[in-house]
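Asks: Sharing a structure, written as structure tokens. Questions coming.
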Amino acid sequence: MNKQEKLISALLAMMLVVWMMYTNSQAQKQARLNAQKAAEAEELVTGHPTDAAITAPGPADAPPPVVAAAPELPPPALPEEVVELSSDDVKVSVSSHGATVKQVQLNRFNTRPGKAGEGNPPVLLDFSSAPGLALSGVAGLAPNASYHIEAAADGRVVMLTATTEQNLVVTRRIELLADYQIKVSDSIKNLSQEVVHLGTNTVGVGVMGRGESKNEILSADSLPDAEKLKATHWGSDKLTKALLAGGASGGCSGTPSVAGMPEVTTVPIPGSQKWVAIKSRFFVTALASAAPNSGFALKARRDMTKPAYALDSVSAEMVFAGCVLGQGEEMTRDYTLFVGPKKLALLKAMGNQMQDMMEFGFWWWVCTLLVPTLDFFHRISGSWGIAIILLTILVRIIFWPLTHRSTAGMKKMQEIQPKLKEIQAKFKDDPQKLQQETWACYRENKVNPFASCLPMLIQMPVFIALFWVLRSSVELRFAPFLWITDLSEPENLFAGMIPFIGSLNILPILMAATMGLQSALTPSTGDPQQQRMMMIMMPCMMLFFFYTFPAALSLYWTVSQVLSIAQMLMMRRKKAAADVATPPDAGESLTRQQRRAAARD
């Protein structure tokens with residue numbers, strides 16, 4: 001690289017460092033804010049009051065996770081009855097044991113690639129290990145207590161009632177709404193002759209287990225109940241990962257050690273939340289409460305078969321403060337439970353910033369433009385692969401004038417290199433004069449030495465945003481294209497048959513090849529030897545990084561580079577045709593401006 005390219009690289013590296021420092025300071029600010037709410041965190045774990053307020057995870061005073069001991073519950077008094085609430089999108093199984101959501105079937109999403117059928121049933125989210133809406137902490141009412149259950153004729157509403165020994169009547173109404181939403185209304189009425197103290201109680205959000213994909217994601221999100229606060233992504237925060245892992249870490253990779261760690265850990269998160277969500281890569285379960293709460297308890301179960309720490313499932317319980325019910329008084333609470341795909345349009349329509357579950361981060365404004373654009377191209381093409389290609393073409397068209405001017409500028413830089421070398425030789429002992437003459441040469445030839453970096457800098461946000469969109473877009477799950485069975489995963493051709501790499505992924509290889517060809521066609525003003533090294537090293541690095549990425553990302557980048565190569569070849573052909581049409585006079589080499597003037601004459 002020449003000095004200018006080295007300077008630009010250094011500036012980009014500085015920008016990256018500043019960005020990392022900024023994000024770290026924001027995380028610490030959020031942690032301090034959570035710590036200020038520690039007084040609200042008493043008795044977060046049902047039936048186990050704390051001796052002191054529990055602080056939220058902070059940079060220096062992170063609390064140890066609570067070891068979750070599975071309570072031994074007495075068997076329910078009556079046999080279980082299950083009522084199914086159904087719509088075209090979903091089937092919800094409601095159990096009379098605990099008035100809970102036992103499982104949810106997502107009718108529009110198959111378990112495996114291919115056509116739906118008996119061998120490929122719909123996705124079934126099993127909440128058996130942590131039932132959704134499980135009510136705990138009510139005296140005299142076990143979490144698995146038997147309720148009287150009665151379903152409405154329309155198959156959309158179910159009523160459940162139970163009475164405790166203290167003569168508290170618990171009534172729950174569950175209604176299946178459109179767009180994967182479940183409306184829940186709870187009431188607890190005191191029919192006794194005495195005042196009853198209702199202690200701290202919790203409502204279960206559900207549980208999300210890890211899938212088979214190597215790109216699987218398990219995490220939890222929450223939105224603090226305060227103005228101008230953003231959602232917290234607990235599963236992606238490094239500090240919280242350490243907490244979920246038991247606070248231990250080891251090895252150069254930072255993978256937490258499992259030595260002495262329990263199978264299940266519980267991390268109490270204080271502070272009222274508008275909603276709490278647990279999510280996998282493509283699906284989410286979220287509980288939004290209209291009533292104030294005291295935070296939530298996040299539970300993580302590790303995979304006992306793995307030698308290093310790995311999450312196997314994540315569950316959560318929303319915590320509510322106790323209250324006093326006088327004779328005949330009634331307490332009511334309303335919630336909305338969402339169990340469905342992690343889809344931007346659905347989450348955004350629910351309000352309360354629930355679209356933040358998409359975890360688009362800093363580039364959310366680009367992502368929110370890309371998602372509907374991709375959906376539009378899919379509607380008109382019927383193929384997600386073609387939709388990605390059309391999106392790539394659109395991006396190239398938008399940036400075409402910029403990349404055209406940049407490529408032309410690099411050609412000009414290449415043409416004036418002999419003149420620049422003369423200036424460097426002439427004023428090598430006068431740095432100030434050298435700089436003045438160099439910039440004078442740039443102005444005379446209308447060359448901007450930094451123009452070549454501008455297209456990449458402007459397109460980088462689009463690529464980063466597309467990475468976040470495509471890596472967890474439920475629309476691409478099991479989407480086929482040509483030889484690819486699933487655009488959300490690597491191609492995995494001949495899986496298990498190829499030594500060392502395991503399987504063959506064609507698109508990353510094509511991407512690396514087109515990157516090398518693009519580099520060869522790009523005009524360079526630097527050291528030819530360094531350019532040859534970059535032609536080899538960069539494609540190899542990108543091949544290494546992208547080989548296990550979703551095929552959709554490799555498809556986008558490969559098509560983008562093919563279009564860029566086509567643009568360069570067109571410019572070369574146009575220049576060659578212009579040179580043939582206006583040959584220089586004998587003994588004199590005409591400049592480009594002179595050739596254009598001759599052509600006009």
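The values are calculated or read from the model by the stated rules, or taken from the named source; none is laboratory data. In this text the structure is predicted, and so the values were computed from the model without any measurement. Here the Cβ is made from the backbone with ideal geometry for all residues, glycine too, and neighbour counts use every protein chain on show. Heads up: the accessible areas ignore ligands, DNA and RNA and are worked out on the full protein's heavy atoms, side chains in. Shrake-Rupley method; radii C 1.70, N 1.55, O 1.52, S 1.80 Å.
Asks: Any idea which residue in the stretch 460-494 is nearest to MET357 (Cα to Cα), counting only those that are touching a Phe, Trp or Tyr at 6+ places or on another chain (Cβ under 6 Å) and open to solvent by 30 Å² or more (accessible area, probe 1.4 Å)?
Replies: TRP468
Asks: For the stretch 104-127, does any single residue satisfy the condition of being in contact with a Phe, Trp or Tyr (Cβ under 9 Å, 6 or more places away or on another chain), crowded, with 18+ Cβ neighbours inside 10 Å and among the small types (Gly, Ala, Ser)?
Replies: Within the stretch 104-127 (the criterion being in contact with a Phe, Trp or Tyr (Cβ under 9 Å, 6 or more places away or on another chain), crowded, with 18+ Cβ neighbours inside 10 Å and among the small types (Gly, Ala, Ser)), the answer is no, since none of the residues qualifies.
Asks: Just for the stretch 243-297: of the residues that are among the hydroxyl-bearing types (Ser, Thr, Tyr) and more than 20 Å from THR202 (Cβ to Cβ), which one is modelled with the highest pLDDT?
Replies: The extreme case among them is SER280.
Asks: Looking at (1) in contact (Cβ under 8 Å) with a residue 40 or more places away in the chain; (2) closer than 30 Å to LEU476 by Cβ, find the lone condition where THR100 falls short.
Replies: (2)
Asks: Within the stretch 301-317, is even one residue open to solvent by 10 Å² or more (accessible area, probe 1.4 Å), touching a Phe, Trp or Tyr at 6+ places or on another chain (Cβ under 8 Å), farther than 19 Å from LEU176 by Cα and at pLDDT below 90?
Replies: Yes.
Asks: Mind checking whether some residue in the stretch 158-167 is acidic (Asp, Glu), open to solvent by 40 Å² or more (accessible area, probe 1.4 Å) and touching a Gly at 6+ places or on another chain (Cβ under 9 Å)?
Replies: Yes, there is a match, as at least one residue in the stretch 158-167 is acidic (Asp, Glu), open to solvent by 40 Å² or more (accessible area, probe 1.4 Å) and touching a Gly at 6+ places or on another chain (Cβ under 9 Å).
Asks: Continuing with the same structure: Check ALA142, ALA99 and return the single one that is open to solvent by less than 20 Å² (accessible area, probe 1.4 Å) and either of a type in the set (Gly, Ala, Ser) or modelled with pLDDT of 75 or more (or both).
Replies: Unique residue meeting the criteria: ALA99.
Asks: Considering (1) within 46 Å of the chain's Cα centre (by Cα); (2) small (Gly, Ala, Ser); (3) modelled with pLDDT of 75 or more, say which one SER452 fails and leave the rest.
Replies: (3)
Asks: Still on this model: Which is among the basic types (Lys, Arg) and in a helix (DSSP H, G or I), of LYS306, LYS348?
Replies: Just a single option satisfies the conditions, and that option is LYS348.
Asks: If GLU212 satisfies every condition in (1) open to solvent by 40 Å² or more (accessible area, probe 1.4 Å); (2) modelled with pLDDT of 80 or more; (3) not aromatic (Phe, Trp, Tyr) but one, which is the exception?
Replies: (2)
Asks: Same structure, new question: Counting just the residues of the stretch 102-139 that are more than 21 Å from THR161 (Cα to Cα) and charged (D, E, K, R), which one comes out modelled with the lowest pLDDT?
Replies: Across the stretch 102-139, the extreme among qualifying residues is GLU118.
Asks: Going by what's in this entry, would ALA321 be described as within 28 Å of SER129 (Cβ to Cβ) and either open to solvent by less than 40 Å² (accessible area, probe 1.4 Å) or out of contact with any strand residue (DSSP E or B) (no Cβ under 8 Å at 6 or more places or on another chain) (or both)?
Replies: Answer is yes for this residue.
Asks: Continuing with this model, one more query. Is it the case, given these coordinates, that ASP237 is closer than 21 Å to MET208 by Cα, in contact with a strand residue (DSSP E or B) (Cβ under 7 Å, 6 or more places away or on another chain) and either of a type in the set (A, V, I, L, M, F, W, C) or at pLDDT below 85 (or both)?
Replies: Taking the combined requirement at face value, the residue does not satisfy it.
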